[in-house]
Amino acid sequence: MAAGIAVRLVLWWQDRAFWRDELGLVQSLDAYPAAALLGRLADTQSAPPLWLLVVRAVTAVAGDGERTYRLMTLGSGCALLVLVAVLGIRLVRYRWAVVVPLILLATLSELVFYTVQTKQYATDALAVTWLVLLGVLLLARSAEPTVAQGGEAGDGVGVSARHSGFRRTDLWWYASLVVLPWLSHAFMLAAPLVAGWVTLVRTWRGELTLRRAAGWLVAPAVSVLAAALYARHLTSQAPDFLTYWAAFLGPSGHTTHGGGLAGWWDWHGFVFGEFAVRELGFPTPWGAALVVVGALIAFRRGAAVAMLLVLPLVAAYTVGVLGLYPFGRRLVLFCVPSLLLCLGILVDAVAGRAVRVVRGWTARSGGPSGWPAVGDRMVAAVAGTTTAAAVLAVCWTPPTRLVHDLTYLYGVDDYRGALSFVAAKWEPGDVLLVGNGDRAAVRVYAPRLHLPLDRAYRAIPTATTTPRADCPLPRELAAARRIWLVTGDVVPLYDGVPSRYALVSPLLPRFRVVWFQDKGLVTVQAVIPGPTPDARPTRCLDYAPVGPAGSPALP
């Protein structure tokens, strides 16, 4: 647990520049008043309203630096490891088995990355894991003795029933169901199934009457429904959201995966393969088979508690199939902690089985009478360690892969370095030109670097694809003494041509390049008046001021 927290603190302390996903959200957090954060955000961004207000409160107190903006998610990511440890030791007989899911979480590339990003996904994972933990506590209170006490030789789900303050746990449960849907979209999705299951089990056991259960669930149900309708309303105003996530919004109606039974099968292979490799961090999708085995063992021990571990995945899958919410990428990170705990249950079960086998063998062979007291822990440790090593060999994201992923896959487009260079060389009469997809970077960093936002323009692709040698330019660009071009190739202007070339080509009949440098997938170019020899006809672009957050996409 400490190692996982240390990994996150080190990455946070590196003070990386805002990544492009962060920039889209930070531009609104920078510019909008608190009330406006409850409405539509700039550039089709989406985040839970309470989460946005908490981030705003933190930055209002501690400043607008990159580290400050990430404090909310850093705290969530570190607390998640603690919560997984607390939850895990209630599900196993041998506490050391929980080391396995903690090791996996410690260096899981995508979860580590989003723990130090101004995005809500680490908070999603924390909120849903908190919900599962509260559910386990409530079900443990009225569980059967064989389950509550761990069963014989580790057979039962080792959920301790000796926790105090049932009423306090109950209060936390219902308060969380009311408040947290506004802090986490993932909690909003998982809460109906998890709360419904816990209520069903408690009612079936006689702990709650139907009338009492219904009365307690009125306020949570209203809150979850209101949060869902509110989120749906905001998403409906952002058509790009559905376009971007179309491949993850169910198998029907998406030509990417075909139609009929074959398309249905192909879609499931695609999304679950992505989930196993990206979100669970397994080297191959087949590592998920171990999670299935662990889940089956958990169900054999006690279905009531085991169901809580898989319900977040069931909720995410259900809304994905229905086309209500994408089942893919970072949006489903909230399913990961409870699924990885199944691997700890698997290790724990093998250790318990080994102890029983050795006990039976010694009893049949007339072994030493002191064997069970002396040898149980040793047998469990050997069997558990061997199983843990095998599980980690299949499922672990080693530190070398984590470093590779953070270096080459996540957060590598450094707009801060590029725009800092431009700010250091800026002179009166200069103009800044960026691609349309790079506009958020200028809105965030221009005020911080004292670049004049009113001298910043963005290039917008046109519908006309016919190459021209005399593309029209606005007066501010045509008369500039020097134009700085900053563009990230990860956000292309149009398909087939790197943005660095698409942005500069329409200028070349009137300007020539005097500076070119790459800075972490972000290119900086400088052009001054004077035609470029042999400039070829090219596809033209439209131009508009970058403007503040919320400016229209076109002039």
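The table for this structure:
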read-out	value
Those helices (runs of 4 or more DSSP H) lying entirely in segment 1-69 with at least 1 residues among the aliphatic types (A, V, I, L, M), open to solvent by less than 50 Å² (accessible area, probe 1.4 Å) and on the phi < 0 side of the Ramachandran plot	2-13, 20-31, 49-62
Residue match in segment 534-555 (condition: assigned to a loop (DSSP other than H, G, I, E, B), without any contact (Cβ under 8 Å) to a residue 40 or more places away in the chain, open to solvent by 20 Å² or more (accessible area, probe 1.4 Å) and more than 17 Å from G435 (Cβ to Cβ))	yes
Residues within segment 254-272 that are open to solvent by 80 Å² or more (accessible area, probe 1.4 Å) and at pLDDT below 80, tallied	3
Only one of V277, V319, V293, V222 that is open to solvent by less than 40 Å² (accessible area, probe 1.4 Å) and at negative phi	V319
Residue among Y415, Y410 that is among the aromatic types (F, W, Y) and farther than 30 Å from V292 by Cβ	Y415
Residue that is nearest to V7 (Cα to Cα) [pool: residues in segment 92-117 that are out of contact with any Leu (no Cβ under 6 Å at 6 or more places or on another chain) and assigned to a loop (DSSP other than H, G, I, E, B)]	L108
Segment 173-213, residues that are over 26 Å from V332 (Cβ atoms), without any contact (Cβ under 8 Å) to a residue 40 or more places away in the chain and open to solvent by less than 30 Å² (accessible area, probe 1.4 Å)	L208, A213
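The values are calculated or read from the model by the stated rules, or taken from the named source; none is laboratory data. On a predicted model such as this, the values are computed, not experimentally measured, just so you know. With ideal geometry, Cβ positions are generated from the backbone for all residues, glycine too; neighbour counts draw on all protein chains shown. Note: accessible area is taken over every heavy atom of the protein model, side chains too, but ligands, DNA and RNA are not part of it. Shrake-Rupley method; radii C 1.70, N 1.55, O 1.52, S 1.80 Å.
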